[in-house]
Structures are given as structure tokens and as C-alpha cells.
Amino acid sequence: MLFHSTRGKDHNRTFEEVLMQGLAADGGLFMPDVWPQVDIEKIKTLDSFIDVAKCIVPLFTKSSFSDDEVLELLDDTWHDFSKENFAAIHKLDDTKSILELFHGPTAAFKDFGLQLAAAFFNKSLLKQNKTAIVLGATSGDTGSAAIDACKRFDSIKSFILLPDGNMSEVQRRQMTTVDSPNVFTLRVNGTFDDCQDIVKQAFNERSFLKDDQFLLAVNSINWVRIIGQICYYFYASLKTNELKDPLNFSVPTGNFGNVFACYSAYKMGMPLNKILVAVNDNNILHRFFSDNDYSRSKVSETLSPSMDISIASNFERLLYDFYSERDSSICDQFYRNFPKSPINLEKHMWEKSKDLFMSYSVDDFSTVKAMKDTYASYNYLIDPHTAVAIEAVDQINEKLNGNTLILSTAHPAKFPEIIKDADLELSEIPKTLLDVYNLKERATHMPASKELIFDFIIKNNL
Ligand SMILES: *Cc1c(COP(=O)(O)O)cnc(C)c1O
């Protein structure tokens with residue numbers, strides 16, 4: 001199984017190349033050449049998340065790693081997850097359940113994708129006898145999940161840029177309190193866009209790298225992150241009804257990685273009814289699904305910061321696979337003038353989505369209301385991202401047949417200020433989140449200067 005780009009000019013790549021390169025050379029995103037089919041009968045006989053993952057991950061990795069290597073890696077990948085609640089399902093009522101994806105070390109679902117990414121990065125680096133720098137800008141959960149996933153590997157040094165802005169104190173402390181010689185957090189006096197610009201220039205210039213050193217991105221377009229997420233869709237379907245009846249999934253959505261993993265699971269044989277794309281006021285995806293208008297607008301800061309995006313990068317994969325039916329020339333054409341001009345599909349193409357996708361946009365007021373209502377009705381506390389997904393289900397409930405799983409992407413204790421403002425109370429706080437208040441913050445403060453940040457990396461890239 002090899003991989004190719006959505007824009008048609010980068011093909012025949014191995015899993016390892018896709019892993020280490022991230023973005024395709026023509027600016028597109030990598031896709032598997034075919035959708036591998038999962039042995040559903042075999043999955044039905046399994047019980048644990050890891051065993052399900054062992055049926056799925058090797059379907060993508062054969063071009064670079066033997067199955068034995070991959071199975072061994074998977075036994076040692078998702079560390080520091082709660083054993084009994086790996087991806088727990090909490091039933092709300094007869095038709096709605098919550099899929100709790102926040103029982104990993106950083107209390108957000110990004111641990112699933114990033115721990116798998118880091119394990120494969122390390123495996124590849126050891127094989128090639130090389131080292132790597134991980135460089136990323138973060139406005140929320142990605143940074144802490146990446147730091148946590150990479151910190152145990154000596155082959156990787158992580159440099160994470162934190163902008164001033166819309167991040168909770170817990171989220172910040174999760175990154176700044178890590179005491180590890182290969183982790184560097186930089187608090188940059190600038191916006192998220194300033195930080196991202198510096199990261200982009202870093203990937204172009206690469207001047208601070210040693211010979212033979214990889215520069216790795218941790219953004220959500222890396223295919224390996226999607227693989228890690230596909231696993232919990234199969235696992236959740238197994239646990240809900242042994243993969244018999246198709247389910248609905250309501251997904252709190254930003255960059256579309258999580259939704260695309262759900263779509264991928266469907267293409268690989270998982271029964272599926274509807275995917276509900278739940279967004280906050282940053283509603284480019286809702287405008288597309290409801291109105292065929294995929295046009296960039298300014299980012300607004302909301303109570304669900306990890307979904308504050310102007311463009312949903314992984315959406316390109318859906319445009320390619322689902323709408324263009326894998327015609328890369330169509331996809332390339334779409335992106336030639338985007339985001340300067342919007343993407344609008346031909347009507348017959350756009351209408352395909354109605355069978356599979358629904359969308360809803362939830363503002364901050366309704367987000368808080370959903371947090372309160374969920375607590376009042378079910379005695380269950382949710383974080384603001386999960387609230388967006390629950391509210392979306394309530395709004396379009398009559399159009400959903402069968403059971404719905406609502407993805408809970410972060411633990412409520414990551415957002416104590418918002419919980420308090422909603423007059424709710426945190427009952428339990430995971431130990432990893434309690435600890436960060438007692439640890440010293442050790443970030444380095446930096447102006448938003450490319451030169452100074454590159455210098456800092458060189459000095460610490462020993
Ligand atoms: C990243 C994130 C999201 C959005 O996920 P995408 O895959 O980017 O759509 C939603 N909720 C939380 C808590 C997140 O960290």
C-alpha cells in the first residue's frame with residue numbers, strides 16, 4: 001500500500017515517507033492509494049482498544065515496517081491512558097451516548113493521534129540512525145499532546161511556540177511545566193498567526209538543522225494522526241453494538257481531522273449512518289454543508305478555542321476522495337485560487353453530501369446553555385467543545401435515526417474558568433491536570449522574531 005497527493009503530483013510514497021514529510025511536495029495532502037478493508041468478523045471477536053488498533057494500523061504501514069514491528073510498537077504506544085477508561089462510552093439516554101476521548105495524559109483526544117505519530121517518528125529515526133526537531137505553533141491542545149508524546153524519545157527535540165491569547169491557564173501550564181531536557185516551550189509575544197508564520201519560514205529555510213536531521217510538523221494533516229483516530233471509531237462501534245447497526249457520530253470540529261477519520265473508518269467497512277459536523281462560530285464547514293460556500297472568513301475567538309480556525313485543512317481530503325471521486329485535477333483546480341476565492345462545487349457534486357453529512361454551528365451562548373442543560377438532565381459535566389457537539393445533536397435530533405455517539409474531545413477540567421462562569425462545578429480533576437498547578441513554569445519568553453527563535457533552536461540543538 002502506497003500513498004499519493006490529493007493534487008496529483010506526488011505519488012508512490014511509502015508510509016515512512018508520508019510520516020516524515022507530512023505535507024506532499026505539491027502542497028496537497030497524502031492519501032492511501034486504496035482504502036484497505038478491515039476484517040469486521042475478526043474485530044467482533046476482540047475486546048481491547050489496543051487489539052482493535054492492531055487490526056487497523058498495519059493496514060497502512062506495510063510499505064515500511066513489518067507487521068511484527070508494528071504490533072510491538074502498538075503495545076508500547078498509548079501510555080498513561082486510564083486503563084479502565086481508555087475510550088469509555090457514557091450512556092446519556094436510549095439514543096445518545098458520549099464517547100470519552102479525554103482519558104489520555106493531556107486530557108484531550110489529540111493524545112490518540114500524536115502518541116502514535118511520536119512512536120512511529122522514533123521508530124523511523126532509530127532505524128535510520130538520525131534525530132529530529134519537532135517544531136509547532138499551538139493555540140490549544142496540540143502542543144501539550146505533542147510534547148507529552150515526544151518527551152520520552154531522546155531522538156526528538158520539541159520546540160513549541162505559544163502565542164499570547166485564547167488559551168486556558170491549564171492548557172498553558174500543561175506545556176510550560178514539562179521538565180525534560182528535550183522539550184522547549186517558547187512563549188512568543190505575538191499572535192497565533194505570527195507563530196505560524198515563523199514555523200512556515202522555518203520549514204522553508206531549515207537553516208538551524210544539523211546535517212541529516214529531520215524537521216517534523218505536528219499539525220493535523222499528518223496521515224499517521226488520522227490512523228490513530230480511525231481506531232477509536234471501530235472500537236466505539238464494537239462496544240456500542242458489535243458493529244451491527246450503523247451509528248451516527250457527532251464530532252466537534254475544527255481542522256476536520258477527526259471527521260475525516262470517521263469517514264475513513266466508513267470507507268474501511270465500519271457501518272455508519274450520519275456524520276454530524278458540529279462547529280462553533282467559525283463556521284466555514286457549516287456554510288459549505290448547508291450552502292455550498294467554502295469561503296475563508298476571519299477567525300473569531302470562542303469558548304471552544306481548539307475549533308477556532310478559518311480553514312479546515314483536512315477538508316481537502318474529502319473534496320478529493322468523496323466529491324471529486326479521486327480526480328486530482330479537480331482537486332488541484334479547487335485549491336489553485338483558494339483561499340483568495342471560495343470553493344463552490346457543481347450542484348450535483350455538492351448534493352452527494354446529503355446522504356452522509358449534516359452540520360450545525362453553535363454560538364457561545366448555546367454552548368454554555370448545553371453545558372448547563374447536560375448537567376441538569378444527566379448529571380454529567382462536559383467541556384465546551386463537547387457541548388458544541390451535544391447542542392448540534394439536540395438541534396437536529398428528529399433527522400437522526402438510531403443511536404448517536406457524541407465525541408467528547410476534552411476533559412472539562414481543562415476549562416475551569418468556563419465551567420465556573422456557567423455556575424457549574426468540577427467534581428473530579430484528573431491527576432495530570434492537578435499537578436500542573438504545583439509545578440514551576442519554565443517557558444522562555446521571546447519576541448515574535450524569526451532570527452531570535454532560530455538562534456534559540458541552534459543553541460539548544462546540541
Ligand atoms: C483539536 C480539537 C478539536 C478539533 O478537532 P479537528 O480534528 O481539528 O476537527 C475539537 N476539540 C478539541 C478539544 C480539540 O483539541
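The values are calculated or read from the model by the stated rules, or taken from the named source; none is laboratory data. Every value quoted in this text rests on a predicted model; they were computed, and no experiment measured them. No Cβ is skipped: glycine too gets one built from the backbone with ideal geometry, and neighbour counts run over all protein chains shown. Heads up: the accessible areas ignore ligands, DNA and RNA and are worked out on the full protein's heavy atoms, side chains in. Shrake-Rupley method; radii C 1.70, N 1.55, O 1.52, S 1.80 Å.
Numbers for the structure displayed
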| read-out | value |
| --- | --- |
| Rg and Dmax of the chain, Cα atoms only, in Å | 20.8, 59 |
| Cross-link partners of LYS420 among lysines (Cα-Cα below 24 Å; sequence separation of 8 or more within a chain) | LYS369, LYS372, LYS431 |
| Solvent-accessible heavy-atom area per residue, rounded to whole Å², over the chain at 1.4 Å | 40 Å² |
| Selection from VAL188, LEU23, ILE50, by position along the positive dipole direction of the chain (Cβ) | LEU23 |
| Dipole-positive endmost among VAL436, MET349, ALA448 within segment 342-462 (Cβ charges, Cα centre) | ALA448 |
| Chain lengthening between PHE365 and ASP47 when straightened (0.36 nm per residue, less Cα-Cα) | 110.5 nm |
| Shape category assigned to segment 380-462 from the gyration tensor of Cα positions, a/c cut at 1.5 | prolate |
| Under Karplus coefficients 6.51, -1.76 and 1.60, residue-wise ³J(HN,Hα) of segment 99-105 in Hz, glycine/proline x | 9, 7, 9, 10, 9, x, x |
| Semi-axis lengths (Å, descending) of the ellipsoid that matches the C-alpha gyration tensor of segment 240-392 | 27, 21, 11 |
| Among HIS103, THR77, LEU238 the positive-end extreme of the charge dipole of the chain (Cβ point charges) | THR77 |
| Gyration tensor verdict on segment 70-221 (Cα atoms; rounded if a/c is under 1.5, prolate if a/b is larger than b/c, oblate otherwise) | oblate |
| Aspartates and glutamates with Cα under 15 Å of LYS200, excluding same-chain neighbours fewer than 8 positions away | GLU451 |
| Sequence-distant lysines (8 or more away, or on other chains) whose Cα lies within less than 16 Å of LYS352 | LYS267, LYS274 |
| ³J(HN,Hα), Karplus 6.51/-1.76/1.60, whole Hz, each residue of segment 8-15, x for Gly, Pro | x, 10, 9, 10, 6, 9, 7, 4 |
| Accessible-area order (highest first, 1.4 angstrom probe) of the listed residues GLU316, GLU17 | GLU17, GLU316 |
| Using θ = phi - 60° and Karplus 6.51 cos²θ - 1.76 cosθ + 1.60, couplings along segment 64-69 (whole Hz; Gly, Pro as x) | 10, 9, 6, 4, 4, 4 |
| Gap separating the Cα centres of segment 34-89 and segment 163-182, nearest whole Å | 30 Å |
| DSSP beta bridge pairing in the chain, given as percent antiparallel to the nearest 5 | 20 percent |
| Within-11-Å neighbourhood charge of PHE120 [Cβ basis; K, R +1; D, E -1] | +1 |
| CD proxy at 222 nm, helix term only [per DSSP H run n ≥ 4: -39500 (n - 2.57); per residue of the chain; nearest 500] | -12000 deg cm²/dmol |
